Structures are given as structure tokens and as C-alpha cells.
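See structure below.
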Amino acid sequence: MIGNFELQFASFKTFLMGSSPSTGLGAIRSRFRFVTEMKSFLAFHLLIASVGLFGIGAKAEAPQKRFEFSEPQMGVPFQIILYASSEAVANRASTAAFARIAEINNTLSNYETDSELSLLGYQSGKGYWIPISDDLYRIVAHAQRLAAETDGAFDLTVGPLAASWRNARRTQQYPHRDQLAQFLHRVGWRLLRIDHSRQQVWLKTPGMRLDPGGIAKGDALDQALRVLQVCGIRSALVAGAGDIAVSAPPPGAAGWRIRLTQAEESKSAPPTYVVLSNQAIATSGDLYQFVVIDGKRYSHIVDPRTGIGLTERRLVSVIAPLGITADSLATALSVIDLDRVKAVLEGYPETHALIVTLVNDNPLKQSFGQFEAFVSGQLWFLDNGDVRHEVAEILKVSREWEQQAACLQKRWGGHGGTIPMLPQPPCRWTTFVGEKSGVNLAQPQHLGNRTR
């Protein structure tokens, strides 16, 4: 029992420190130094230790059952769905994950005046470098990279402008133009300097405020999943305010089946689902948060370069390996010109986007990367984490295949949803499947249609 606990604790410490002696990543350790308050450290790790001490490391794998949990975090509902061997294991793992989310919120909240993020803003314009914790550094480093790649369309320093437009939504009045002009002088990603070697930042102008609204929730999803994995949970989904991150598929399924958010004018259309495994999806748009002033609709998303809430109706969904990437890109792609989307996405491997723009109240869909391939039934997810597309000639190999599929669909339709059927695949697919996954493409495959 003690040995299992030591292994669990060592793994978690390695994760927190951002280094691994077996990989020799000393550079990462210097980048992500462990800088958190001792009280938070002890409370959180004792919780993790309690999970390790109560039998997570059992050798015989018990049948996995589904458990669901929800808590308000970061001002929105967060939900965890996981598969565990017992209710006790599930309870302790979910409690640890929610505690991690709360810890991140205590660092990144721009509503709490004593959070590290808020205290950082109070020191803006003081003329000195400010050391920051691992959690804040991770956010700032990612945000600054994306800001540079989007010419400031994504900007962590947008805080003063975002606050002004939040007030506009409450009062239903356009922000004072002189005030917006004043705030624009406090906003700009180049006003935020970062020293990666010493993990510290410099805020150049007085009155700067950082707003993590387009990135923090995605990062919280990632961190919660990591805690669940440390606790021995292999299959889990974490959702917050519509952003979702998943680990391995549920037992017996090839992925987590997730319904896409639809544009208001498209809600009469059939729902669209994607199937994800070890990925995240985030959607950004003005579906719920907007204000109409003098007959014009302004989004809650502010263009940091102009100081004005977006007026183009755009709904952006991004699939990425990490929640922090999906969340931040969904915001950035809501702001930048559409002709720049492809170039931005090229800097983020295995990242895909679907953008729905309302033109004269008609939805215009544009897919980037391989987003359409993730629509339910069009991807195979393999046990080793690789993803391979079903090639078009397999899907539409012949009229004979269509007849076979129709018969099999009738036979297997009772399982719910659409079950993709394939005849004997080409030799290259038979070889690939036999060598890497053991999945027989000639058999009906259930891509998570038991709604997760």
C-alpha cells in the first residue's frame, strides 16, 4: 500500500514540477518552477495522497462504472464524467479534480481582488519584473505566443476594455467613447513583457489589467484531466461553460460523442456530433452574451485592437489536443479575418476549426483543417491514440457496399444512433489495423453512440 502511494505521489510531483528524470527535460523544469503557496500545496497534495492511499493502485482491474459530478467553478457550472471501479474511487478523484480547478481560479480570477492575477495588475507600470507562479506563467506564455501569431487579435491585456463592455451589457448603454480611447492606451500585448528564463513578467503601463476569460477555462480542463489521470482514472470528460476536454474513450466505445453548439438561426437543423478521444473542443460566439444598442448587436468578445465589441455574427468551434489551445483559439478566430485562419492554425498541429458566419441571417459554414472528419462516424480512434481517416473510396466503395450497410444498419440500429459499417477494407487498411489496433474494420464499429 505504501509503495503504491509513493508511486502515485512521485508521479504527481513530477507532473507539477514539469520535469521527468527519465526524459532529461531539465529545461522544462527551469521553465515551470514550483511556485505556489504552501497552504494550497499541502491541502491539494494531501487530497491526492488520500486518493493514492485508498487503493487506486490495485493490481486487478475491476469493472468500470460511469459516475457524474458537477460543481460551480470559475463562475460557471463544471461537470465531470468519469469511469471508475467504485463510487469511493470516483468521489475522491472528482474531489481532487475540482480542488485543482478551484486552485487555478484562486490564481487566475479577475473578479477576486486578492488573486495573483489581480495583484499583478495592481503592480503594472511600477517599473520592475514580477515573479509569477507556474499556473499564471503557463497562461501568460501561451497567450503571448498566440497574440504574436494573431497580431493582437488575442490579447491577455484586454482587461480594461472587457470590463467596460461587461458594464455596457448590464446598463444597455454604449461605453463612453473617451473612456474607451483611454483604455486603449492600457491595452496591447507588447505592453506585457515576459522573461521565460526567470518566469517573471513586466507590465509597462499603469492601469493594465489581464483578462483570462478566453483561455483560463480551457487550461482548467487540462489540469483537471491530469489530476484524474494521477488518481488512476483513464476515461473522463471535464466540461466548463461549454468547453470540453476528454481523455481515453469510455469502456467499449471508440470516443466521446459530443453535440456541437449550433448558431441561433440553425437550431431547426439536425444536431451535429463529433467524436473525440484525448482531445478538447471549445466554442466561442455571441449566442448568449451580447448587447443590442441602438439596434446594433455587440458581442461580449472585444477586438483588443479597436476596443469595440464584435458585430460580425460568428460561431467558432475548435478541436485541439489541449483545452488551453482550443479555448484560446476559439476566441482568437472569432476576431481575426477569415483569410488568416488557415495560417494561424498551421502553427498548431492536430488542431481544426469550424466557423459559422451569419450573412443576412443565413449561416455560412467554413471548415479548416480536418474538422469535418471528426463528425460522428467519420473517424477511427485507435487504442494507441493515433487517428486515421476513413478514405473516401472505402466509404463509397460501391453500390454493393451501400446495400450491405443498409442491411447491417437495420440489424444493429437498436444500439442507437448511426453505426458506420464497412465491407472488407483495402489491403493497406487490413495491415494497418492488424498491426496497430486489432480493430476489424469489416465489423460494425460503435463510435460512442451511447450518448456520453
With a 10 Å Cβ neighbour count serving as the proxy for reagent exposure, in which order, fewest first, do Ser118, Ser70, Ser277 appear? Ser70, Ser118, Ser277
Phi-based couplings in Hz for the range 220-230 (Karplus 6.51, -1.76, 1.60; Gly and Pro marked x): 4, 4, 4, 5, 5, 4, 5, 5, 4, 5, 4
Label point 7 Å out from Ala88 along Cα-to-Cβ: which residues of the range 212-233 have amide N under 18 Å? 231-233
Distance in Å, no decimals, from the C-alpha centre of the range 296-321 to the one of the range 189-259 is 20 Å
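For the range 271-331, what does the relative contact order come out to in percent, with C-alpha contacts under 8 Å and a separation of six or more?
On the way: 89 pairs, mean separation 24.9, N = 61.
Once normalised by length, the contact order is 41 percent.
Just so you know, all these numbers are worked out from the coordinates, no wet-lab data involved. Fair warning: this is a prediction, and the values are worked out from it, not measured in the lab. Because the Cβ atoms are built from the backbone with ideal geometry, glycine has one as well, and the counts that use them run over all protein chains shown.
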